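The values are calculated or read from the model by the stated rules, or taken from the named source; none is laboratory data. Remember, predicted model here, so these are calculated numbers, not experimental data. Please note: Cβ atoms are built from the backbone with ideal geometry, for glycine as well, and neighbour counts cover all protein chains shown. Ligands, DNA and RNA are excluded from the accessible area calculation, which covers all protein heavy atoms including side chains. Shrake-Rupley method; radii C 1.70, N 1.55, O 1.52, S 1.80 Å.
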Amino acid sequence: MSAGDLGAAALRAALFLSLWGTGAATYAAWRRDARALASARIAAGVGFGLVAVAAIAMMFALATHDFSILYVAENNARETPLFYSIIGLWAALEGSILLWTAILAGATAYVAFRGTAAIPRLATTALAVMFAMVTFFLLLVTTPAADPFARLAFPPDNGNGPNALLQNHPLMALHPPLLYLGYVLTSVPFAYAIASLILGEGGDRWLVATRRFALVSWALLGVGIVAGAWWSYAVLGWGGYWAWDPVENAAIMPWLTATAYLHSVMVEEKRSLLRTWNLALVIATFSLTILGTFLTRSGVVNSVHSFTQSAIGPLLLAYLVAILVLSVGLLLWRSSRLRDAGPIGAPLSREAIFLFQNVLFMAATLTVLLGTLYPLFAEAISGAQLSIGGPYFDRVEVPLALALLFLMGVGPQLPWHGASRATLERQFTAPIAASAIGAAAAILTGITGIAAVLAYALGAFVTATVVQEFARGVRARRALHGEAVAAAFTNLLRRSGRRYGGYVVHLGIVLVALAVATSQARTVDAEKTLAVGETLEVAGYALRLDAVRSVREPQRDSVVADLVVTGNGADELLRPALVQYPNTAQAVGSPGISAGLRDDLYTILAAFDQRSFAWATIHTRVIPGVSWLWLGGAVVGLGAIIAALPAPRRRAVRLSVAEAPAPAK
Amino acid sequence: MNGRVVIALALLALAAALVIAARPHEPTADERIDRITTELRCPVCQGLSVKDSMSDTARQMRDLVAERVREGRSDAEIQAEFRAAYGDWILLSPPVASWSGLVWLAPLAALAAGLLFAMGRLRRADAPAGAEPSAAQIAALRDRVAREEAAEG
Amino acid sequence: MLPRIVRAAVVVALLGVVLTLALAFRRDPHDIRTGTVGKPAPAFALERLDGSGKVSLADLGGKVVILNFFASWCLPCTQENPALVRVYERYRASDVVMLGVNYQESRDNGLAYVRRMGIGWTTVADADGRVALSYGVFGPPETFFIGRDGVIAGRHIGPIDEATLINGIEALRGTASK
């Protein structure tokens, strides 16, 4: 049996099991039947195993260049290196859907085993919802819509190879899996929310049960987006990291609503408020992930990720409609049971700040949604073709982002229920002073533009509040437990991980904001056609063109420009290239990047002497601060890990019998 | 009062920094070219602006914009020239004075609606739970305490 | 209890989103239609590729003009070339003028391509791309149909086939100058 046969059979068996699981879990929840639940559990576990087998089979087929499988023939070639062959699993539509299905099956198995042990009826209902979703995706991969194991009657000698852009950089191994993990794991809180609505529970159990899942999926989505920005920067060769491309927008929308959700759940946990709103946020987040998949895969928008149109578009749209009808319908039906415990509170309280923050995030999300869909809408209605791109999004989103940055500093400093004047003065004197220093630092380093200077000021503001919080926490632990500073600091992170991990995340966001502000405000461009031996000078760097040469590899031909970089303490060799893959008409630009903490030197080979390699046109960008973007992403991930880790168990205290106090007379 | 002085000074410094940052000035030719090319869409790219794109077409468009700037044309005239050839599609953000200009209004409207809704949900600050009793109520309470003490004996 | 108006608003908004997405299937994201069609063809005066003088649009007034933008680095251009050659032969002796505009490459490369592909009609070089920009060219191959009155009657983006060419030409020849 070949890998293709094994994979196809595994998927069909998994489909059968997930259908069974849907029925079994529904019955188990309805009748509280333990045996049905047990069989649903087995279906979930075995089903996940089968889908995993299918995914591994595909990777094997790619690694062994099995061109009898259509997907392999289209996305792999004999010359493709092993690494890129294996990650070719997510190089195109069918494989991506298979990966999605595998992750979803894994999440279903998790809910089946861990979830139902904790809250039997709620989790079992959620399990039924999960099974229903897995069934849909398994239907996609076992039908011509997205069947990765479709066969070719006459296998070709050699395949097409992956898309040129997808085998240029090892980051391709990270970006799609991270993003998909983030996307798919939002289905668990969603399933629990739907289950809670179906069962008519008016409380918070669904929310508390999925808190960690929500945090983890949010973090993975965020890091996946940053990885995508890094890929855009390092691979696409246009010198930027975010272009408000429809597919980028599709990824950031659920992240925005998920961020709002992470915060407003704190209000619900603490004060039992915003119940309907939180359910709506979870539904919105999950729906946006499906919308995102639809926009990426259906071919209705022109984008970097554009694939040929396939039947999957209408199917995904139908799925999205079904989800919206079901979830919004349930929410509207049950809204009478979702009562809040009272009014929110004073305007200057933490819950009020969270409320404002939610409003801002929703405005940001709706703007991105409108900007992405409006061209489609306008064309459908009137046939007029128009574009909505960077300038629009930047103009609207930057003020919103700055306002959110401000709230990020204010919120954690305000107590629940409200703050007095004295509290305000005590909390904010140092941060406001810090913001002035931040603004001054911006001006001194040559930043111009109100938005960028504000970003620096607000970044300093938030940083000061975080430092304040850590200082207070350490002081408190030292007073209470007599710990040394380092131990107190560590214990803050371990025992109050949610809070202090959250602060670390905020610091990461500050880094990202500063990176964006600095790179947008102070990037310097220079372009020159250099003869071999000539030098281009920009921003204190000197780039000398040493050679233009041709490089032949099995899977591609490149023309490389050797640039020697000196100045500003740099001393290295950059190799921007133009890479020609067989089967593609246009050459792909591969930038030569010298990354540094202060700035990046970004070089592009724009043109070269085709006859005698005597000259090359080099375009250079000096981009300050862009490395802080990747650092910030890493800090956000670290903070999320700190927040998600469970606190260490308290050690049991043993009293020996002899020490027990004698009973009083 | 020290804290308030610090806050006031800091806010003043911040305002000054923002004024310096805004630096209203006559844009140079290069700045004008950058500004105009940021708003134009590269016809052969995936949504990139003419400023960001490395393609030959974008390069030629940049040259054309530079020439028109040198000739003294206004931003609107230069945009109009490209719009005549490529239609509104060539602009990366919809012109405000048109039906599509409504997309500029939408975020503002969403924000305003959301803020109004949020303000409505907040408890009014001037009606705190547990108000101070009035002077008459205090006097009445004192009377009652005195009477009860007298009754105790 | 959610107020009626909020429920209605939510439903309407979601309906709008879904409807937009459904309608979006009807369009081809690669089909860009805005531009200079229906307007007077922008004037130009370009050097011939072989260096033997200039050609201006004004010289061709009163004739039906097929303006074809091409380049040697453009793969679909080689695919459409046989169709162009056949149509050229068919209308050679008439008042239909075929003009090739070489785009974004050196004269030498353009000339080499012309000779290699057996292009017999007049070809000119648009060195700085200004003419292409004035016509709203997205990328080669692109063909413009200019009527006797000097108005752009139609435009075809991408490789063109014989039938489309002939249909366009006959339509333009059929309408006498107004």
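Compared with the dominant Cα axis of chain C, that is its longest principal axis, helix C:107-117 is turned about 90°.
Within the listed set B:P24, B:P95, B:P107, the Gaussian network model of chain B (springs between alpha-carbon atoms below 10 Å) gives the highest mean-square fluctuation for B:P24.
In the context of the full set of protein chains, chain A has a per residue accessible area of 40 Å² (1.4 Å probe).
Using a ≥ b ≥ c from the Cα gyration tensor of segment C:130-171 (square roots of the eigenvalues), is it rounded, prolate or oblate, where a/c under 1.5 gives rounded and otherwise the larger of a/b and b/c decides, a/b for prolate? Walk me through the numbers before you get to the answer.
Working: a/c = 3.50, a/b = 1.22, b/c = 2.86.
Since a/c reaches 1.5 but b/c is at least a/b, the shape of segment C:130-171 is classed as oblate.
Taking all protein chains in place and a 1.4 Å probe, what share, in percent, of the accessible surface of the protein assembly as shown do carbon and sulfur account for? Accessible surface attributable to carbon and sulfur in the protein assembly as shown totals 63 percent. The string of couplings for segment A:607-621 from the Karplus curve (6.51, -1.76, 1.60, θ = phi - 60°) is 7, 8, 6, 6, 7, 10, 6, 8, 9, 8, 8, 10, 10, 10, 10 Hz, one whole number per residue in order, with x for Gly and Pro. Taking chain C as a Gaussian network, where each spring joins two C-alpha atoms under 10 Å apart, which residue of C:T164, C:T143, C:T36 fluctuates the most? Result for chain C, Cα springs under 10 Å: C:T164 fluctuates most.
Look at the stretch A:424-435: the mean tally of other chain Cβ atoms within 10 Å of its residues' Cβ atoms is 4. Other protein chain C-beta atoms within 10 Å of residue C-beta, averaged over A:355-362: 4.
Annotation: peptides B:83-92, A:452-461, ranked by per-residue average of other Cβ atoms within 10 Å with the highest first, follow the order A:452-461, B:83-92. In segment B:35-70, burial by the other protein chains removes 30 Å² or more of accessible area from B:E39, B:Q46, B:L48, B:D52, B:M54, B:D56, B:T57, B:R59, B:Q60, B:L64, compared with the chain on its own (1.4 Å probe, ligands and nucleic acids ignored).
The mean accessible area for residues of segment B:1-63, using a 1.4 Å probe and ignoring ligands and nucleic acids, is 54 Å² per residue. Remark on A:V538: its backbone amide H falls under 5 Å from those of A:L543, a criterion applied only to residues 5 or more positions apart or on other chains, H modelled at 1.01 Å from N. Surface burial for C against A, with a 1.4 Å probe and both sides summed, reaches about 2300 Å² of accessible area. Remark: the Cα gyration tensor places chain A in the oblate category, a/c being 1.5 or greater and a/b not exceeding b/c. Backbone amide hydrogens, once placed in the peptide plane, bring A:T210 within less than 5 Å of nothing, excluding anything fewer than 5 places away on its chain. Under 1.5 on a/c is rounded, so check that first for segment A:384-496, then, if it is not, pick prolate when a/b is larger than b/c and oblate when it is not; a ≥ b ≥ c are the square roots of the alpha carbon gyration tensor eigenvalues. It is prolate, given that a/c is not under 1.5 and a/b is the larger ratio.
Ellipticity at 222 nm from helices only: DSSP H runs of n ≥ 4 in chain C, each -39500 (n - 2.57), divided by the residue count, give -12000 deg cm²/dmol.
With a Förster radius of 41 Å applied to the C-beta separation of A:T64 and C:L75, the computed FRET efficiency comes to 0.80.
I'd like to compare B:47-54, C:60-67: which one has the highest average count of other Cβ atoms within 10 Å, and what's the full order after that? Before the final figure, lay out the partial values.
Numbers: B:47-54: 22.1, C:60-67: 18.9.
Descending packing order for the listed peptides: B:47-54, C:60-67.
Given a 1.4 Å probe and the protein chains as shown, A:W628 ends up with an accessible area of around 60 Å².
A:D546 exposes around 70 Å² of accessible area when a 1.4 Å probe is run over every protein chain in place.
What accessible area, summed over both chains, is buried at the A-B interface (1.4 Å probe, Å², nearest 100)? Kindly include the intermediate steps, with their values, before the conclusion.
Values: alone 29630 and 12230 Å², together 37640 Å².
For A against B, buried area totals roughly 4200 Å².
Screening chain A for DSSP H helices whose Cα atoms reach 20 Å or more along their own axis and whose mean Kyte hydropathy is at least 1.6 gives A:34-63, A:120-142, A:312-334, A:627-644.
Protection proxy ranking for A:267-275, A:376-384, A:363-371, using the average of other Cβ atoms within 10 Å per residue and placing the highest first: A:363-371, A:267-275, A:376-384.
The listed residues A:Y374, A:Y500 rank as A:Y374, A:Y500 when sorted by accessible area, largest first, using a 1.4 Å probe. Restricting the trypsin sites (Lys or Arg not before Pro) of segment A:1-84 to loop positions (DSSP other than H, G, I, E, B) with no more than 15 neighbouring Cβ atoms within 10 Å leaves A:R32, A:R78. Considering chain B as a Gaussian network with a 10 Å cut-off on Cα pairs, which listed residue, B:A135, B:A15, B:A97, attains the greatest mean-square fluctuation? Looking only at B:A135, B:A15, B:A97, the largest GNM fluctuation is found for B:A135. A Förster distance of 45 Å, applied to the separation of the beta-carbon atoms of C:R107 and A:V325, puts the FRET efficiency at 0.10. For B:K51, the residues whose amide H sits under 5 Å from its own are B:T38, B:L40, ignoring neighbours fewer than 5 places away on the same chain, with H placed 1.01 Å from N. Its DSSP H runs of at least 4 residues, each contributing -39,500 (n - 2.57), put the calculated 222 nm mean residue ellipticity of chain A at -21000 deg cm²/dmol, to the nearest 500.
Test of understanding: extend the Cα→C-beta vector of A:A647 to 7 Å, then name every residue of segment A:254-282 with backbone N under 20 Å from that spot. Output list for this probe position: A:263, A:265-272. Between 0 and 90 degrees, the angle of helix B:135-152 with respect to the longest Cα principal axis of chain B falls at about 30 degrees. Averaged over the residues of C:118-129, the number of partner chain Cβ atoms lying within 10 Å of the residue Cβ comes to 1. For A:V504, the solvent-accessible surface computed with a 1.4 Å probe is close to 20 Å², ligands and nucleic acids excluded. For segment A:499-572, the list of GluC sites (Glu not before Pro) that fall in a loop by DSSP and count at most 16 other C-beta atoms within 10 angstrom reads A:E534. The calculated FRET efficiency for the pair A:L199 and A:E79, based on their C-beta separation and a Förster distance of 60 Å, comes to about 0.60.
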